[in-house]
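None of the figures in this text is laboratory data; all of them are computed from the coordinates on show. Everything numeric in this text was worked out from a predicted model, so none of it was measured. For neighbour counting, all protein chains shown are included, and Cβ atoms are generated from backbone atoms with ideal geometry for every residue, glycine included.
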Amino acid sequence: MEDGREEIFAEYLVRKNSDVVVKIVCNATHKLVFTASGIHELFDLVADPGKLKNRINAPLSRAVLSDLP
């Protein structure tokens, strides 16, 4: 991309009790996960490389979400 950003997009189907479509956007610093069931997650890959803390409701998450495609 012209601005030097690189993102990865992925989509897959999880088959457990019911089928759930999962969509992921990931860049060098963050991973954003959407599910059709309404469960969304945002991980800071720099501060939390193990992806243990969902930051989707953190006050600073709006700035990160607006930067992701």
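Descriptive notes on the structure:
- Taking the Cα centre of the chain as reference, the dipole from Cβ charges on Lys and Arg (+1) and Asp and Glu (-1) amounts to some 400 debye.
- Among (1) 30, 14, 8; (2) 20, 12, 11; (3) 22, 15, 11, the entry that matches semi-axes √(5λ) of the Cα gyration tensor in Å as calculated here: (3)
- Distance in nm between pseudo-label sites at Val22 and Ser66 (7 Å out along the Cβ direction from Cα): 3.0 nm
- For the chain, adding -39500 (n - 2.57) for each run of n ≥ 4 DSSP H residues and dividing by the number of residues yields -2500 deg cm²/dmol at 222 nm.
- Gaussian network model of the chain, Cα within-10 Å springs - most flexible of Leu42, Leu32, Leu13: Leu13
- Longest stretch of the chain clear of exposed loop sites (trypsin sites (Lys or Arg not before Pro), DSSP loop, at most 15 other Cβ atoms within 10 Å, sites excluded): 17-50.
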